[in-house]
Amino acid sequence: MAIAFDSYRSLDDAACQARILEAKSELGKNAVILGHHYQREDVYRHADLTGDSLKLSRLAAQSEAKYIVFCGVHFMAEVADVLTGPEQVSILPDLSAGCSMADMANLAKVERAWHELSTVFDPDEVVTPVTYINSAADLKAFCGEHGGIVCTSSNAGKILDWSFSRREKVLFFPDQHLGRWSAHKMGVPLDDMLVWDYDQPMGGHSIEAIKAAKMILWKGHCSVHQMFQPQHVERFRSQHPDGIVISHPECNFDVCRLSDYVGSTETIIKTIHDAPEGTHWLVGTELNLVERLANEFASQGKTVQFMSPTVCMCSTMARIDPQHLAWTLENLVAGHVVNRITVPQDEAELARLALSRMLEVS
Ligand code: CIZ
Ligand code: SF4
């Protein structure tokens, strides 16, 4: 029988750290720990591989390890399961580590939107469905089935080019901000975009408005990135006229427009890494990553400052704490798999189709 979590609840952090190291060394090459850029420091330090969700899943797919322990959120562990072999096991140390943005779209709501669109035109001829990788596997499968594709914050522009070259319109979910910014960058006017409110019939729009729109943006967002506001950028600019501002495309449109650079976590890291010594940065993305960058680049004389005056962490990812990691690993040592994430096979096949289209395009 698997070891219950209860006894780990009161385990202090120092004891956890020691037990994680011990379990890791016993597991050796059988297990690989993946750590997302937004992961808290006391867990991130145990990662064998680090990166954004896509890079980590690709690395997982290349790894020989039987157990993939994903210190991230639920959709990432699903992608790892879809992209790895049938003998590999994807594990999420705390099942409540979800993504609130991913939860803003679900299959029932997207199917209803597709059905409502079908009263205006045949969406399978007119609309490419594009899902951000931050979404459940059944939505990726929906895109696979309907000629659609997955995108990440690194490749959204290329994916939209591909999508518009095939069909006249795009339905983009769940993040309206990534969709709006990426379409804007490729020259789609804001007037040609509408926000689909999934709680209203026909997304809250007239048939004429739907016929006229090029980009249909799902009404979803990341609650962490919504905390960054234009006034934070303006205050920084007035205090540091030579400062440079970089934001994640999940930030709202005005923050992106006021930024010098907009890019994924991998882009943010690389841009600051490649910048000259002595530069001063304001960064609009999750706090754990920004603090890590601030520490890492301090020795090169680069100052890295967090965009918001309040703490904005990915609180769901932070549920993967040292206690849950220790519990997961010690169970593996004892021969028990806890918190396995599996995507049903038919769904996984269609999700893989949408993911492989993305991998080909980008
Ligand atoms: O795809 C990811 O890992 C996320 C959530 C953001 C990013 O830009 O890397
Ligand atoms: Fe989801 Fe936002 Fe957390 Fe990213 S930061 S995993 S989008 S809740």
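The values are calculated or read from the model by the stated rules, or taken from the named source; none is laboratory data. Everything numeric here is computed off the predicted structure, so don't read it as measured data. Don't worry about glycine lacking a Cβ; one is built from the backbone with ideal geometry, like all the others, and counts go over all protein chains shown. These area figures cover heavy atoms from the full protein model, side chains too; ligands, DNA and RNA do not enter into them. Shrake-Rupley method; radii C 1.70, N 1.55, O 1.52, S 1.80 Å.
In this entry, region 9-123 is assigned a mean projected area of 9.3 nm², taken as a quarter of its C-alpha convex hull surface. Legend: P(r) of region 122-187 from all alpha carbon pair distances, 5 Å bins from 0, whole percents, reading 4, 20, 33, 27, 14, 3, 0. Placing +1 on the Cβ of every Lys and Arg and -1 on the Cβ of every Asp and Glu, with nothing else charged, gives region 225-306 a dipole about its Cα centre of roughly 120 debye. Here's the list of lysines a cross-link from Lys55 could span, going by alpha-carbon distance under 20 Å and ignoring same-chain residues fewer than 8 apart: Lys29, Lys66, Lys140, Lys158, Lys270.
For region 102-223, what class follows from the C-alpha gyration tensor (a ≥ b ≥ c being the square roots of its eigenvalues): rounded when a/c is under 1.5, otherwise prolate if a/b is larger than b/c, else oblate? Rounded is the answer for region 102-223, as its axis ratio a/c remains below 1.5.
Magnitude of the charge dipole for the chain, about its Cα centre and with charges confined to Cβ atoms of Lys, Arg (+1) and Asp, Glu (-1), is about 440 debye.
The stretch between Thr119 and Asp254 holds 45.2 nm of extra length on full extension. This uses 0.36 nm per residue minus the Cα-Cα distance.
Size descriptors for region 257-362, from the alpha-carbon set: Rg then Dmax equal 19.3, 53 Å. Placing unit charges on the Cβ atoms of the charged side chains and taking the dipole of region 225-306 about its Cα centre, the candidate lying farthest along the positive direction among Leu293, Gln229, Asn252 is Gln229. Mind running the shape call on region 300-362? Use the C-alpha gyration tensor, a ≥ b ≥ c as the square roots of the eigenvalues: rounded below 1.5 for a/c, prolate if a/b tops b/c, oblate otherwise. It comes out oblate by the Cα gyration axes.
Classify the chain: rounded, prolate or oblate, from the alpha-carbon gyration tensor (a ≥ b ≥ c, eigenvalue square roots; a/c under 1.5 rounded; otherwise prolate if a/b is larger than b/c)? Verdict is oblate for the chain.
On the chain, 50 percent of the accessible area sits on carbon and sulfur atoms, based on a 1.4 Å probe. If you take every DSSP beta bridge whose two residues both sit in the chain, what share of them, in percent to the nearest 5, is antiparallel? Counting only bridges with both partners in the chain, antiparallel ones make up about 5 percent. Using a probe of 1.4 Å, the accessible surface attributed to His225 totals some 0 Å² when neighbouring protein chains are kept in position. Accessible area per residue for the chain, computed on protein heavy atoms with a 1.4 Å probe, is 41 Å².
Separation of region 181-210 and region 1-16, taken as the distance between their Cα centroids, equals 48 angstrom.
Which values of log₁₀ I(q)/I(0), to two decimal places, follow from the Debye formula for region 65-146 at q = 0.17 Å⁻¹ with a uniform point scatterer at every Cα? Those come out to -0.73, one per q. Within the shell of other residues whose beta carbon sits under 15 angstrom from the beta carbon of Arg167, the net charge comes to -2, with Lys and Arg scored +1 and Asp and Glu -1.
A helix-only calculation puts the chain at -12500 deg cm²/dmol for mean residue ellipticity at 222 nm, using -39500 (n - 2.57) for each DSSP H run of at least four residues, averaged over all residues.
Descending by average beta-carbon neighbour count within 10 Å, the peptides 204-215, 281-292, 70-81 line up as 70-81, 281-292, 204-215, the highest first. The mean of 1/r over all distinct Cα pairs in region 225-306, once inverted, gives the Kirkwood hydrodynamic radius of 12.4 Å.
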